[in-house]
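The numbers here are math on the coordinates, done by the rules we state, and not lab data. Everything quoted here is computed from the prediction, not taken from an experiment. Using ideal geometry, Cβ is built from the backbone for each residue, glycine included, and neighbour counts are taken over all protein chains shown.
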Amino acid sequence: MRDPLPRVQRGLAAALRDRRTQLSAAAFVLTALACYLYVLVGNINNYDNIVCTPEGYGTGLRSGRWMLTLLGDTVGHAMGNFNLPLFNGLLGLVFLGLACQFLWRALHLQKPWQCAVLTAITAAWPAAASAMLFSFTVHYYLFAVLLAAVAVWMTDRRGWGWFVGAVALLFLVTLFGNMISWSMGVNSTAAYAAENGDMPAIFAKRWAKNDMPIGSALTSGIVASVVCILGIIIELLSPDSSLFWSFFALNLVMLLLSYAPVFPAFLRLREIDPDSERPFRVPGGRGMLRVLAYVPMALILISIFFTAVPLSFDTDTLSYYLPITIGSILSIVIGEILIAARARRHHS
């Protein structure tokens with residue numbers, strides 16, 4: 001049996017001599033330094049920082065981040081509890097840089113400048129930038145990105161079907177873990193709101209064993225299951241109908257709309273309560289803070305507009321957009337009525 005190592009060495013040497021590899025690597029280094037130098041040498045005290053959570057890995061199991069808890073426990077037993085943004089950040093950037101090399105190869109880009117542009121865009125992509133803010137766990141997240149890029153690159157290569165399947169399965173696990181963690185965070189918020197009387201009491205029910213918001217989880221699961229079943233029924237009754245995707249877009253509109261008030265609320269809190277101690281204080285003067293708040297808020301509102309408002313009035317366009325538009329208006333009106341009823345009951 002022939003030794004495959006010389007072949008691998010020759011392939012690696014050829015890749016390193018490739019002008020596309022060299023230029024894309026340079027673009028990645030320059031973009032990464034421009035975007036993340038402060039994160040690497042600074043220390044942002046968010047809820048995944050040892051300053052705020054001595055356990056070492058954020059809220060852990062309470063938010064459904066079971067894999068994060070397992071990794072944190074393993075590292076803690078092996079090396080103790082530490083926070084090294086430079087180490088974790090550089091390791092995460094190595095994973096992201098390797099992912100970029102696989103991406104431009106998967107897309108069969110031939111010109112070096114195209115590879116460099118794709119690499120720079122990927123390095124500065126908002127999802128990667130937001131992951132870099134969590135220096136405790138960024139290398140875990142970006143390693144999953146590397147696995148996904150390797151899977152894409154190897155889909156058109158022969159003899160690696162088992163490897164692609166394994167990588168795809170691992171990536172699927174990360175997707176489920178991400179969905180579970182985010183849903184548990186939302187469930188905790190709903191439980192707090194229910195305990196305050198702002199939502200039905202079913203959302204406040206917790207599991208006595210570990211205080212998890214089981215009522216919110218069950219309610220969310222039931223609602224999601226009903227929506228999926230309705231989607232199947234709609235597809236069977238009317239294959240050409242876009243009603244299910246209209247419901248999906250309505251959910252997106254409501255999600256984006258819930259984020260819009262966060263930015264003016266931030267500006268208001270900075271104005272009326274600037275001296276309260278917080279884990280992280282956003283730097284900048286009044287003008288810079290307004291830019292940081294109004295730009296994402298404007299992007300959210302623009303996204304909502306193009307998702308929910310029909311720009312033409314032909315039959316096909318109206319049949320798709322009107323359920324979203326009417327559903328959005330009804331959801332807002334019903335929500336305001338419930339809030340007003342809650343406020344009236346609270347004052348009485």
Fill in the blank from the handout: The answer for K205, listing residues at least 5 apart or on another chain whose modeled amide H is closer than 5 Å to its amide H, is G215, S216
Exercise for the section: Assuming R0 = 30 Å, can you tell me the calculated FRET efficiency for the pair L12 and W182, based on Cβ-Cβ distance, to the nearest 0.05? Expected result: 0.20
Completion exercise
Residue span L91 to I214: 0.36 nm per residue of separation minus Cα-Cα distance leaves a gain in nm of 40.6 nm
Practice task
In Å and from the alpha-carbon atoms only, list the Rg and Dmax of the range 256-333.
Solution key: 17.4, 55
Problem - Charge tally in the Cβ shell below 13 Å around L322, where Lys, Arg are +1 and Asp, Glu are -1, L322 excluded - result: -2
Problem - Karplus 3J(HN,Hα) series, Hz, for the range 204-215 with 6.51 cos²θ - 1.76 cosθ + 1.60 (x for Gly, Pro) - result: 7, 5, 10, 7, 5, 5, 9, 6, 6, x, 5, x
Fill in the blank from the handout: HN-Hα couplings for the range 316-333 via Karplus (6.51, -1.76, 1.60; θ = phi - 60°), in whole Hz with x for Gly/Pro, come out as 5, 5, 5, 5, 8, 7, 4, x, 5, 5, 5, x, 5, 5, 4, 4, 5, 5
Fill in the blank from the handout: For the range 202-342 the mean separation of alpha carbon contacts under 8 Å (6+ apart) over residue count, i.e. relative contact order in percent, is 22 percent
Handout entry: Two-site FRET efficiency, Y294 against V333, from Cβ-Cβ distance with R₀ of 25 Å, rounded to 0.05
Key = 0.40
